[in-house]
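Peer 1: Supplied in structure tokens, the structure appears directly below.
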There are 2 protein chains.
Amino acid sequence: MSNKKLVESITSRDKDFARWYTEICLEAELMDYSDVQGFIIYRPYGYGIWENIQDYLNKRFKETNHKNVYMPMLIPESLFQIEKDHVDGFAPETAMVTTTGENKLAERLIIRPTSEVLFAKHYAKIIESHRDLPKLYNQWCSVVRWEKTTRPFLRGKEFLWQEGHTAHATKEEAVEETLRMLKIYEDLGKEVLAIPFVTGKKTESEKFAGAIDTYTIEALMYDGKALQSGTSHYFGQDFAKAFDIKFQNKESKTEYVYQTSWGVSTRLIGAVIMVHGDDEGLVLPPFVAPDQVVIIPIQQKNEKVIEVTNKINNELKELNIRVKLDDSNRRPGWKFSEYEMKGVPLRIEIGPRDIENGVATIVKRHNREKITVELSKITEIIPKLLQEIHDEMYQKALNHVNENTNEAKDYNHFKELLEQGGYVKLSINEEAEEIIKEETGATARVIVEGEMLTDVCPVTNKKTTHTILFARAY
Amino acid sequence: MSNKKLVESITSRDKDFARWYTEICLEAELMDYSDVQGFIIYRPYGYGIWENIQDYLNKRFKETNHKNVYMPMLIPESLFQIEKDHVDGFAPETAMVTTTGENKLAERLIIRPTSEVLFAKHYAKIIESHRDLPKLYNQWCSVVRWEKTTRPFLRGKEFLWQEGHTAHATKEEAVEETLRMLKIYEDLGKEVLAIPFVTGKKTESEKFAGAIDTYTIEALMYDGKALQSGTSHYFGQDFAKAFDIKFQNKESKTEYVYQTSWGVSTRLIGAVIMVHGDDEGLVLPPFVAPDQVVIIPIQQKNEKVIEVTNKINNELKELNIRVKLDDSNRRPGWKFSEYEMKGVPLRIEIGPRDIENGVATIVKRHNREKITVELSKITEIIPKLLQEIHDEMYQKALNHVNENTNEAKDYNHFKELLEQGGYVKLSINEEAEEIIKEETGATARVIVEGEMLTDVCPVTNKKTTHTILFARAY
């Protein structure tokens, strides 16, 4: 049984990471390009990853008493312009409907780039009393932002996401909510994506248009660049004042509500590819993989082989494992390459000789380890193997973060470390952030809590105000 | 415990059905209007109904090997115009993006009113061989059609739906798929919505723009009008020829694929309201209800009451029943009216005296029947009651269809029966359909299979060509 690659091979990730990424997106059939630049087709295998993310988050959102809703896709331009910071942030990227059939509209309508204003307007109408609070709503939808440069999953003119929008009676509750949702995103990384997110607060210049505080989950890619993978915003009362969202508190006084919003998008698919993938293709963590196990019969027309592979297929299905039996008449070697490219975590090979010996070969995608397992033990061992693989992949990604997180105390050392890739901590005066960005291309990923590394900022020579985790980023 | 209505009462459905409908939509908090005419906000309770429909259909779609995908929201105008019948059907209703930021686009982009052309283009690219077939894709999304008159859920400028698009190697397989999906929609009515759909083929004039055959599920509303509630189309090779979707068959000859598409939308929420609702508000069939059971403590601060209601709440949750314990400090009478308006199938009332007697009162929403049940039997009886309620609601709706389906053999009798509401069968020459529509407002809902009622068409005096189930419709 030849294991030589029969699908087209891809560029090595060390040779050209950007090209490697695009080739995986296409070869693993995650997406395809459409006729409109920056709009992609989410193919079944890519969309399946998103569905698994949705299932996990919907469960967590519902446990924490959130409700799903759906707001209109179109926003009148005048409504969009009510909150000033917000409109300044988004106006250049808006796609506008001006015509229907052959009629010109009286007012231009913006395809939602995000739905803050729609939720704010609705909340102003339905919230009257403290008994109506908190309002904990979430929406799954697609949004449109007319970005100039686009890349599959990472930055598109249209992307899929969830946006949570909540209103609370007190600041404390709203801040608690902001951090609760950040934690759920962090758990998504730990439990599903096998990605150790660095979490923390964004600096003033990096925060969301209209937010008081923006918290982020940041992931470190294989190439040493960071990817902002989700955000959770505390809005205070700014939107409430702009949109007049008031309630009667327990003392019958009128107050403005405190708001939050939080979201993750199909950008997470890009993170999974760039954290875990290798030169053979995609490597999917088991709990986000559309197919967790593929069974490949060797001699797929042999009756014994048909019987045993079907039996194992059914037993694994009973355990709610996402298993695929590929009994098509393509050659085993072709199938091996195909499912390696697609990053299926476990491959089970079963042929006539295996059956005689009462065993099967199991191959782990993430480290290519082969093990021989007794046929009678397969259904028992698979769930354990999936958990083991998840844990190993998470640990490997965590090691990558740890090995690529450094501290600098002077600017030259900072620049040297930056060239190696990864995160670099530096204590700075806030005025230095823009200079560093300009001179090195590194941006502030999060504010690091705790003591200053130095008292004086090595860039401005002014007093340090905070420690920042810098990185070059997507 | 006063049972008098504390929420605002609604118009009687016999007095003004249209107003009754709109009031339920708002009072039961299913939706709200937005700032753009014809675009609604799907509030949690309305969206929850849609989520239950999605869960059922996703399960059925996946069992039948369909995969979810996501296509771009925007379609270049030139792509949209490739299939002539299709563009003629949709062009007047298209919403067009012409501007981004302050830049004019080179080509206008249409917000999808439906995605046939996107799937056709993609299939042309990814299908090469008979081994690539069938392709069984489905998409959940919202679509935009610039309708002039709109009503919540029934007809909107934007609505939520699923659209299945499939490609097959043979006509037989494609026709089989068209009917398979129609059957799944019929099952959705039987098993979830408690709506007996009449199914069948549409006439030439009522079929979908671009289809060879359109099959439909039709529901009969309380007011005797019909509602087209979903469709399944057989496209033959028309789109395949327009978009050049070819494959090599087993004999290595090049052929065009055979296609289908099928969809249901949030219009189904409108059907549920108008089939089952009554003068106290919404009446939800148990398997589509976001809350299946509400527990209302009488004296919600009594310790025994707290203990017992919490215990039952938890036990029902364990059984995966969607239960809500309303221990807010609103008065029981207020809560009774509230959950009647929202159509929650079962209400459990538990007070201190009930606990002393070891019983609780259960009230069924659909027929207002009260029963006394031993506390220890509640968790055992609830699942049975939910199934019973579903069956009774389905039977009642079926009786309504049967009692309001008539046959006519002459045109005057047809008009008389039509005035009574409901379906009227009439055998006609195909030329009569337009005349009947013009003169009576009744449209052809489906073609009835079987023998002619008369040999001569009572409208045109020509030979009858088919029997039609007519009704006035939404």
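What follows draws every value from the coordinates through simple rules; no lab data is involved. Just so you know, these numbers come straight off a predicted model, no measurement behind them. Positions of Cβ are generated from backbone atoms using ideal geometry, with glycine treated the same way; all protein chains shown enter the neighbour counts.
Peer 1: Report the FRET efficiency, 1/(1 + (r/R0)^6), for A:Ile82 and A:Lys463, where r is their Cβ-Cβ distance and R0 is 35 Å, rounded to 0.05.
Peer 2: For A:Ile82 and A:Lys463, the calculated efficiency is 0.35.
Peer 1: Give the distance, in whole Å, between the Cα centre of segment B:224-271 and the Cα centre of segment A:222-267.
Peer 2: About 43 Å separates the Cα centre of segment B:224-271 from the one of segment A:222-267.
Peer 1: Can I ask one more? Among A:Met181, B:Tyr474, A:Ile362, flag the residue with its Cα farthest along the positive direction of the charge dipole of the protein assembly as shown, charges on Cβ as +1 for Lys/Arg and -1 for Asp/Glu.
Peer 2: Positive-end residue among those listed: A:Ile362.
Peer 1: Could you work out the relative contact order of segment A:293-386? I mean the mean sequence separation of Cα pairs under 8 Å and 6+ apart, divided by the number of residues, in percent.
Peer 2: Relative contact order here is 30 percent.
Peer 1: Starting from a label point 7 Å past Cα on the Cβ side, list the distances from B:Glu307 to the same position in the other copies, nm, shortest first.
Peer 2: Distances between equivalent label points, in nm: 6.0.
Peer 1: Let's test the formula: R0 of 56 Å, r as the Cβ-Cβ distance of B:Asp455 and B:Lys396. What FRET efficiency results, to the nearest 0.05?
Peer 2: It comes out at approximately 0.90.
Peer 1: Enumerate the lysines that B:Lys201 could reach by cross-link, defined here as Cα to Cα under 22 Å, with residues fewer than 8 away along the same chain left out.
Peer 2: Filter leaves B:Lys171, B:Lys183, B:Lys190, B:Lys225, B:Lys409, B:Lys425, B:Lys437, B:Lys463.
Peer 1: Hey, another quick one. Can you list the distances in nanometres, one decimal and ascending, from the A:Lys250 label point to the identical position in each other copy, with the point 7 Å along Cα to Cβ?
Peer 2: Copy-to-copy label distances at A:Lys250, shortest first: 7.5 nm.
Peer 1: Under Stokes-Einstein, with the Kirkwood radius over Cα pairs standing in for Rh, what whole-number D in µm²/s applies to segment B:405-471 at 25 °C and 0.890 mPa s? Walk me through the numbers before you get to the answer.
Peer 2: Numbers: Rh = 11.3 Å.
Answer from the Stokes-Einstein relation: 217 µm²/s.
Peer 1: Too long at a 20 Å Cα-Cα cut-off: which of A:Lys62/B:Lys62; A:Lys125/B:Lys324; A:Lys301/A:Lys335?
Peer 2: Details: A:Lys62/B:Lys62 24 Å; A:Lys125/B:Lys324 25 Å; A:Lys301/A:Lys335 16 Å.
Checking Cα-Cα distances, A:Lys62/B:Lys62; A:Lys125/B:Lys324 exceed 20 Å.
Peer 1: How large is the convex hull of the C-alpha atoms of segment B:159-234 per residue, in Å³?
Peer 2: So the per-residue hull volume is 113 Å³.
Peer 1: Now a separate question. Viscosity 1.002 mPa s, temperature 20 °C: what is the translational diffusion coefficient of segment A:17-276 from Stokes-Einstein with a Kirkwood Rh over Cα pairs, rounded to a whole number of µm²/s? Walk me through the numbers before you get to the answer.
Peer 2: Details: Rh = 19.3 Å.
Translational D for this selection: 111 µm²/s.
Peer 1: Taking other Cβ within 10 Å of each residue's Cβ, how do B:Leu188, B:Leu105, A:Leu268 sort, fewest first?
Peer 2: With the fewest neighbours first, B:Leu188, B:Leu105, A:Leu268 line up as B:Leu105, B:Leu188, A:Leu268.
Peer 1: Turning to a different aspect of this structure: Could you compute Rg(Cα) / (2.2 N^0.38 Å) for the protein assembly as shown, with N its residue count?
Peer 2: It is 1.01.
Peer 1: Moving to a separate point now. Order B:277-286, A:384-393 from most to least packed using the mean count of other Cβ atoms within 10 Å. The partial results should precede the final answer.
Peer 2: Values: B:277-286: 23.2, A:384-393: 17.4.
Sorting B:277-286, A:384-393 by mean packing, highest first, produces B:277-286, A:384-393.
Peer 1: Once you charge only the Cβ atoms, +1 for Lys and Arg and -1 for Asp and Glu, what is the size of the charge dipole of segment A:122-218 about its Cα centre, to the nearest 20 debye?
Peer 2: Numbers: 15 positive and 16 negative charges, 80 e Å.
About 380 debye.
Peer 1: Next question. Dividing the convex hull volume of the Cα atoms of segment B:216-260 by its residue count, what figure in Å³ per residue is obtained?
Peer 2: Numbers: hull volume 3.4 nm³, N = 45.
Enclosed volume per residue, from the Cα hull, is 75 Å³.
Peer 1: Under 13 Å from a point placed 7 Å out from the Cα of B:Asp327 along the Cα-to-Cβ direction: which residues of segment B:292-313 have their backbone N that close?
Peer 2: Residues B:295-313 fall inside that zone.
Peer 1: Report, in whole Å, the centroid distance computed from the Cα atoms of segment B:131-192 and segment A:405-474.
Peer 2: Between the Cα centres of segment B:131-192 and segment A:405-474 lies a distance of 54 Å.
Peer 1: Please compute the modelled spin-label separation between A:Lys190 and A:Gln54, points set 7 Å along Cα→Cβ, answer in nm with one decimal.
Peer 2: Between A:Gln54 and A:Lys190, the simple spin-label model gives 2.7 nm.
Peer 1: On to the next question. With +1 on each Lys and Arg Cβ and -1 on each Asp and Glu Cβ, how big is the dipole of the protein assembly as shown about its Cα centre, in debye rounded to the nearest 20?
Peer 2: The dipole of the protein assembly as shown has a size of about 420 debye.
Peer 1: Moving on. How much FRET efficiency would the formula 1/(1 + (r/R0)^6) give for A:Lys241 and A:Glu128, where r is the Cβ-Cβ distance and R0 is 22 Å, rounded to 0.05? Please report the intermediate quantities before stating the final value.
Peer 2: Working: r = 17 Å, r/R0 = 0.78.
With a Förster radius of 22 Å, E is 0.80.
Peer 1: Within a Cβ distance under 10 Å of A:Arg131, other residues only, what is the Lys/Arg minus Asp/Glu net charge?
Peer 2: Net local charge, A:Arg131 excluded: 0.
Peer 1: Another question, if that's okay. Let me check I have the definition right: for segment B:293-385, take the eigenvalues of the Cα gyration tensor, multiply each by 5, take square roots. What are those semi-axes in whole Å, largest first?
Peer 2: So the three semi-axes of segment B:293-385 are 17, 16, 13 Å.
Peer 1: How much length is gained on full extension from B:Ser9 to B:Thr372, taking 0.36 nm per residue of separation minus their Cα-Cα distance?
Peer 2: 127.9 nm
Peer 1: Please report how far the C-alpha centroid of segment B:308-356 lies from that of segment B:71-110, rounded to the nearest whole angstrom.
Peer 2: Centre-to-centre (Cα) distance: 50 Å.
Peer 1: For the protein assembly as shown, give the share of DSSP beta bridges that are antiparallel, in percent and rounded to the nearest 5; count only bridges with both residues there.
Peer 2: Expressed as a percentage, antiparallel bridges in the protein assembly as shown total about 85.
Peer 1: Let me ask another. Label 7 Å along Cα→Cβ of A:Glu93; segment A:184-224 residues with amide nitrogen under 13 Å?
Peer 2: A:207-210
Peer 1: Sort B:Thr199, A:Thr216 so the one with the fewest other Cβ atoms within 10 Å of its own Cβ comes first.
Peer 2: B:Thr199, A:Thr216
Peer 1: Give me the inter-chain shielding for A:86-97: mean count of other chain Cβ atoms within 10 Å, whole number please.
Peer 2: So the per-residue partner count for this stretch is 4.
Peer 1: Going by how many other beta carbons lie within 10 Å of each one, how would you line up A:Val36, B:Val117, fewest first?
Peer 2: A:Val36, B:Val117
Peer 1: Ok, one more. At 7 angstrom along the Cα-to-beta-carbon line, where would the label on A:Asp132 sit relative to the other copies? Give the distances in nm, shortest first.
Peer 2: Sorted ascending, the copy-to-copy spacings read 5.4 nm.
Peer 1: In Å, the Kirkwood hydrodynamic radius of segment B:4-57 over pairs of distinct alpha carbons?
Peer 2: Working: mean 1/r = 0.0787 Å⁻¹.
After inverting the mean inverse Cα-Cα distance, the result is 12.7 Å.
Peer 1: Rounded to the nearest angstrom and ordered from largest down, what semi-axes does the equivalent ellipsoid of chain A get from its C-alpha gyration tensor (root of 5λ)? List each step's numbers first, then the result.
Peer 2: Numbers: eigenvalues 377, 160, 97 Å².
Largest first, chain A gives 43, 28, 22 Å.
Peer 1: Run the numbers for A:Asn412 and A:Lys301: contour at 0.36 nm per residue of separation, minus the present Cα-Cα distance, in nm.
Peer 2: Length gained, A:Asn412 through A:Lys301: 33.4 nm.
Peer 1: From the P(r) of segment B:203-296, could you give the percentage of C-alpha pairs in the tail past 23 Å?
Peer 2: 50
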